[in-house]
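Novice: Shown below is the structure under consideration.
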Amino acid sequence: SQQGEEDPQALSIQEGENATMNCSYKTSINNLQWYRQNSGRGLVHLILIRSNEREKHSGRLRVTLDTSKKSSSLLITASRAADTASYFCATGSIQGAQKLVFGQGTRLTINP
Amino acid sequence: GAGVSQSPSNKVTEKGKDVELRCDPISGHTALYWYRQSLGQGLEFLIYFQGNSAPDKSGLPSDRFSAERTGGSVSTLTIQRTQQEDSAVYLCASSLIVTSEAFFGQGTRLTVV
């Protein structure tokens with residue numbers, strides 16, 4: 001079963017606007033990661049936030065983590081057409097199998 | 001190598017044939033993952049190797065699927081007696097240690113006709 005679940009499944013916004021995607025998970029985690037996928041091929045790592053961190057920034061990306069609610073959000077500010085892609089969260093559990101488990105992803109479309 | 005390499009990039013096979021998909025991880029990475037992604041869907045975990053530990057095969061959908069990792073490096077995913085529902089993109093990833101940042105290959109698009 002999937003550990004992470006992204007919300008919404010699809011998001012369409014105008015260029016320049018901010019995009020927010022959410023991820024919920026079920027078990028205790030070591031860290032949570034966000035990835036981007038263009039054109040249905042390889043994923044690119046964006047950012048990793050550890051379980052003892054609450055917020056992290058990287059360029060136009062801002063990630064928050066609320067372990068009490070088992071949820072994370074990814075904010076992309078000042079969106080660009082090149083940000084059009086699918087975004088996935090992945091969790092690394094601290095219990096049992098520690099493999100990375102991915103959610104179903106959010107399909108983000110930036111309209112010019 | 002510079003990144004994770006997968007071969008072939010595309011594979012078309014007839015139903016009932018066996019196929020082998022190859023993954024060359026980044027040198028020194030102890031963890032190696034295989035995932036499957038159907039069109040427009042998320043990543044389905046298949047199998048995970050970590051160092052010399054027994055692989056986690058919990059995601060393999062049937063006994064037609066198997067994988068090995070030789071010498072802690074190259075991995076091969078084998079699908080026997082392929083079925084049309086096996087058509088998907090098969091993605092390999094490696095990471096330095098378990099649950100750290102994963103680096104993905106470009107995938108193998110498998111089409112079973």
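The values are calculated or read from the model by the stated rules, or taken from the named source; none is laboratory data. As the structure is a prediction and not an experimental result, all values here were calculated from the model. Positions of Cβ are backbone-derived with ideal geometry, glycine not excepted, and every protein chain shown enters the neighbour counts. Surface accessibility is based on the protein's heavy atoms, side chains included, excluding ligands, DNA and RNA. Shrake-Rupley method; radii C 1.70, N 1.55, O 1.52, S 1.80 Å.
Novice: Can you tell me which of (1) touching a residue at least 24 places away in the same chain (Cβ under 8 Å); (2) surrounded by fewer than 20 Cβ atoms within 10 Å (Cβ to Cβ); (3) touching a strand residue (DSSP E or B) at 6+ places or on another chain (Cβ under 9 Å); (4) of a type outside the set (A, V, I, L, M) is the one B:Pro55 doesn't meet?
Specialist: Failing condition for B:Pro55: (1).
Novice: I've got another one for you. Under 6 Å between Cβ atoms, which residue pairs at least 6 apart in sequence (or on different chains) link something in the range A:45-69 that is away from chain B (no Cβ under 13 Å) with a partner that is of a type in the set (S, T, N, Q)?
Specialist: A:Glu55/A:Thr64; A:Arg60/A:Thr77; A:Thr64/A:Ser73; A:Leu65/A:Ser72; A:Thr67/A:Ser51
Novice: Would you pick out the residues in the range B:62-110 that are at pLDDT 95 or above, exposed (fewer than 14 other Cβ atoms within 10 Å of the Cβ) and within 14 Å of another protein chain (Cβ to nearest Cβ)?
Specialist: Scanning the range B:62-110 gives no hits.
Novice: Let me ask something additional. Please find, within the range A:15-44, the residue that is most open to solvent (accessible area, probe 1.4 Å) out of those that are of a type in the set (A, V, I, L, M) and facing chain B (nearest Cβ under 8 Å).
Specialist: Only one residue fits best here, namely A:Val44.
Novice: So which residues in the range B:1-24 are open to solvent by less than 80 Å² (accessible area, probe 1.4 Å) and polar (S, T, N, Q)?
Specialist: If the condition is that a residue be open to solvent by less than 80 Å² (accessible area, probe 1.4 Å) and polar (S, T, N, Q), then B:Ser5, B:Gln6, B:Ser7, B:Ser9, B:Thr13 are the ones that fit.
Novice: Could you identify the single residue in B:Phe45, B:Phe49 that is touching a Pro at 6+ places or on another chain (Cβ under 6 Å), among the aromatic types (Phe, Trp, Tyr) and either within 13 Å of chain A (Cβ to nearest Cβ) or surrounded by fewer than 17 Cβ atoms within 10 Å (Cβ to Cβ) (or both)? Outline the logic, then answer.
Specialist: Details: B:Phe45 fails: touching a Pro at 6+ places or on another chain (Cβ under 6 Å).
One residue alone meets the criteria, B:Phe49.
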